[in-house]
Amino acid sequence: MPLEKAKTSDNGKVRIIEGIASTPDLDLQGEKVFQKGIQFDYFLKHGYFNWDHKPGAENKIGEPWECRITPRGLFVKGMIYKGKQVADAVWEHIQSLRENPSSQRKVGFSLQGKTLLKKGQTLLKCWIQDVAITTAPINYNTYLDVVKSLSGYELDKAMAAGHAISGQTGGGVHRVESGISTPTDEEIKDLGYAGGDREVTKKSLVGLIARDRGYSRKTSELLADILFDLSA
């Protein structure tokens, strides 16, 4: 997906980014990540955005404010630092892509951490330390967007409002909506481990539509009915 145009200039503004850092799609290494099995608490509280998985403090170029599982995948939002050489160079590259609409290149994300449970080529549980910003993501369905920038004063007001609503104190506006979970037998079958010929039931199809497409249970049941009628 192309980078969106920023609505304000970067001069004097906080560099805010957001996007999808992981999806359930098969990546270029032939693996896929079970999204509900991603443990991101550490990343949200202590982790960084780094540059292309490179080690060292100089490559810690930003930090997250928000992280949650969505129907599309793992959503992240945060900022890129100003005044660090690598961070400034990465931001300049992102801006250059945005200013050249004919460019077919994009910047994406890549998870960095540990695999806790793997079955076949699917990571069922993983722990995230950092999220890399990279020009060569192994999952090309990830993407990074630039968000409307905020001045330091505007950011302080937004964070204060967030604390007032959530009752939090100190730090950034951290949002945690999903912890780590183990997939059910039905979900494992949906991931392709039924064994032998895979039988899709109407119940499993309802769950698959609701989980992967984000529809309500009622809408998912209606779509499942239609699909089964068509295949009858």
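Could you tell me whether any residue of the stretch 96-113 is farther than 25 Å from Thr23 by Cβ, modelled with pLDDT of 90 or more and not in a loop (DSSP other than H, G, I, E, B)? Yes: the stretch 96-113 contains one or more residues that are farther than 25 Å from Thr23 by Cβ, modelled with pLDDT of 90 or more and not in a loop (DSSP other than H, G, I, E, B). Of all residues in the stretch 75-121, those satisfying the criterion of being under 10 Å from Ile61 (Cβ atoms) and without any contact (Cβ under 8 Å) to a residue 24 or more places away in the chain are Asp88, Ala89. Scanning the stretch 26-54 for residues that are more than 21 Å from Val90 (Cα to Cα), in a loop (DSSP other than H, G, I, E, B), out of contact with any strand residue (DSSP E or B) (no Cβ under 7 Å at 6 or more places or on another chain) and not polar (S, T, N, Q) yields Asp27, Leu28, Gly30.
From the set of residues in the stretch 95-118 that are surrounded by 14 or more Cβ atoms within 10 Å (Cβ to Cβ) and farther than 23 Å from Phe43 by Cα, which is nearest to the chain's Cα centre (by Cα)? Within the stretch 95-118, the match that is nearest to the chain's Cα centre (by Cα) is Lys106.
Of the numbered conditions (1) in a loop (DSSP other than H, G, I, E, B); (2) closer than 23 Å to Glu58 by Cβ, Ile138 fails exactly one; give the number of that condition. Unmet for Ile138, out of (1) in a loop (DSSP other than H, G, I, E, B); (2) closer than 23 Å to Glu58 by Cβ: (2). Count of the stretch 79-95 residues, restricted to those that are at pLDDT below 95 and small (Gly, Ala, Ser), is 1.
The values are calculated or read from the model by the stated rules, or taken from the named source; none is laboratory data. Keep in mind that what you see is a predicted model, and the values were worked out from it rather than measured. All Cβ positions, glycine included, derive from the backbone under ideal geometry; neighbour counts span all protein chains shown.
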